[in-house]
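Below: the structure, in structure tokens.
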Amino acid sequence: MNKGTGVGTGPTAAAAAVAAQKQKTMMQRVETDIANIVDNFTQLVNVARVNEPPVRNSQETFMMEMRAARMVQAADSLLKLVSELKQTAIFSGFASLNDHVEQRTNEFNQQAEKTDRMLARIGEEAAASLKELESHYYSSAQRTADTE
């Protein structure tokens with residue numbers, strides 16, 4: 001752990017820093033992929049103009065196919081990013097749920113230990129009281145009068 005200023009230390013701060021870095025990386029990927037799609041679409045529309053020379057048309061066809069392929073790659077990258085975001089949301093949700101369940105289990109275990117100690121104390125007090133009552137009963141005048 002950091003021993004510097006004392007601010008932003010511990011596992012929570014580290015997790016927040018990792019999450020912020022991951023968010024920044026994902027935003028950069030989104031911006032890059034969208035820029036690629038827009039750029040390739042713009043170039044695809046510009047190349048799609050019909051011209052007379054047949055050589056130029058075959059070059060334009062090749063350019064259109066290349067730009068379309070790049071658009072598909074960028075769209076595929078965005079789909080993978082969405083899938084990654086979904087998985088992150090699901091797994092981080094499970095992680096926090098598991099943490100909550102673990103915390104509640106610890107609380108219930110502590111409560112059970114406390115209850116066990118209390119029941120043991122009550123049992124000891126009841127046994128001591130019963131023993132005291134028995135000794136009073138067996139040494140009382142009433143009992144000795146009943147047995148004669």
Worksheet, complete the sentence: Residue pairs within 9 Å by beta carbon, gap of at least six or interchain, first lying in region 58-80 and under 15 Å from residue 45 (Cα atoms), second open to solvent by 70 Å² or more (accessible area, probe 1.4 Å) and of a type in the set (Val, Ile, Thr), listed first then second, are 60/50
Worksheet, complete the sentence: Across (1) modelled with pLDDT of 80 or more; (2) open to solvent by less than 50 Å² (accessible area, probe 1.4 Å), residue 60 clears everything bar (1)
Worksheet entry | Condition check for residue 91: out of contact with any Leu (no Cβ under 7 Å at 6 or more places or on another chain) and more than 30 Å from residue 31 (Cα to Cα) | no
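The values are calculated or read from the model by the stated rules, or taken from the named source; none is laboratory data. All values derive from a computational prediction rather than experimental measurement. Every residue, glycine among them, receives a Cβ derived from its backbone with ideal geometry; neighbour counts consider all protein chains shown. The area values use the complete protein model at the heavy-atom level, side chains included, leaving out ligands, DNA and RNA. Shrake-Rupley method; radii C 1.70, N 1.55, O 1.52, S 1.80 Å.
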